[in-house]
1. Considering only DSSP beta bridges whose two residues both sit in chain A, what percent are antiparallel, to the nearest 5?
2. Work out the mean other chain Cβ neighbour count within 10 Å for the residues of B:93-106 and drop it here as an integer.
3. Can you give me the relative contact order of segment B:156-196 as a percent, contacts being Cα pairs under 8 Å and 6 or more apart?
4. Need one number: nm distance between label points at residue B:239 and residue B:192, each 7 Å from Cα along Cα→Cβ, rounded to one decimal.
5. Between residue B:165 and residue B:96, with labels modelled 7 Å along Cα→Cβ, what's the label distance in nm to one decimal, could you check?
6. Round to the nearest 10 and give me the degree value, 0 to 90, for the angle of helix B:70-79's Cα axis relative to the longest principal axis of chain B.
7. For residue B:127 and residue A:109, what is the calculated FRET efficiency with R₀ set at 56 Å and r taken between the beta-carbons, to the nearest 0.05?
8. Top mean-square fluctuation among A:273, A:205, A:92, Gaussian network model of chain A, C-alpha springs under 10 Å?
């Protein structure tokens, strides 16, 4: 199961009890942290996100509301005796910023801390469970979105047929892997006669901060869910353009053109106390839109 | 009036809804911020501390729980169009750490941001209302405490006597300043016959992070209130010593020997869910001890 838990849904300045950007993508027991605004570790405690299960952190860009909480989290991992390696992905200066702060505090992490510098679109993580890649967005400074693609699962045994044919249990895993079964007498049982197709792997894309830009579409095309920023309502298009941000209808337009299934919107400007109009406006263009609300978990279906 | 509002009373890792160190010293309409752990700006919103009234920030040392919230606050001041100059005092690497983060975000502050590097004990601010100075404490890395000394106020007019002698109102301010009044006929009315002494200026000391060290006593001697860390209960003296922190009885001992009026204790370790034992232990040595509780304001009497 792939899901996303929102820890912060606000833009630059905290307001109305909304916090700066951070979200946790959970897949198969692993928590991947995407962005880490100030106070993220406190939000994690509040929403019972298990910090110990975080092995990868992805930072989209170096505006403070997307990473000022990172050094505190790295430091807390140390004080909490985190043991597994931590991989941090972000634009080039991030490593120097963090290391400088650890150095002046005379701190050495008790776990392996690996920095990976983002420079262009590409694959960051690729194992038998998930592929995570990044792409450039169009923001005032260098900025990256992230795509999480679950690998296709195992084929499903049609257990009644399997039993009827007396296939021994020791062959179940090779059936799940797609191999045919050959009986002791040499007869071939075709795989698809006793198994069903595996569930398609889900795809989620975090589109970071960006102005309206259709060049991101190839990266997020056909995703089951995307998160796209909507800093402003649609009557603020000029301001959005000027600040390299998007409006409700622009985010929804991207979702529509990219043929995604669901759109999650967030990164709301501190000028808005009430968020309902964001959902209403976006839904006029793309009906399956939902507000990203702090503490909520959104399953990718 | 001199008062202290607690924004964070916990040590290193946030826990039990307690936050890292930060407090606001308020005097005559100005807010002086002392330390700025992660989430301080959010605590300010929660406890209705007026950010716009902050002109000076004092950072005791560069362990993250004392300054990771500073860059976010500086950034928010910018986004909120703060206009008055901001003076930041802290150990040497602080300026480089903050400036590096502003630079990678391509941010120029819209207000004057002045860094003042602490290198030794001395006076930092001295005007007609207050004197603020710093002193070294004994911690694992370079660390400073801060002393706030209110200047003595004006002498108080004994208004009935003043009226009886028909002293014109235009002379009231010189009487308050301590001058004698000379009647049109040349008779001298001695100042102290028509005024009472000004109220003594109050003194508050923030003792930062420190192991038990009597060398701080001359700096905080006779203060009306001090804040002294008590990271641990007294059965943890060895650990406290090892980590350059203090226990309840050690803090109380310093308060007693420094002849202060009131002791405020904080910087509680995340291992303690309940704080009452801190107060109980400290009071056995120094009775006028109070826990520093987040959101509470303590007047310096």
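1. On the way: 35 of 61 bridges.
For chain A, the DSSP antiparallel bridge percentage is about 55.
2. Counting other chains' Cβ atoms within 10 Å and averaging over B:93-106 gives 4.
3. Details: 38 pairs, mean separation 19.1, N = 41.
Relative contact order for segment B:156-196 comes out at 46 percent.
4. Reported label-point gap for residue B:239 and residue B:192 is 5.6 nm.
5. For the pair residue B:165/residue B:96, the computed spacing is 6.2 nm.
6. Between the helix axis and the principal axis of chain B, the angle is about 60 degrees.
7. On the way: r = 44 Å, r/R0 = 0.78.
Once the sixth-power term is evaluated, E becomes 0.80.
8. Most flexible of the set in this elastic network: A:273.
All of the numbers you see were taken from the coordinates with simple rules; none came from a lab. Nothing here was measured: the structure is a model prediction, and the numbers come from that model. Cβ sites come from the backbone with ideal geometry, for glycine too, and all protein chains shown count toward neighbours.
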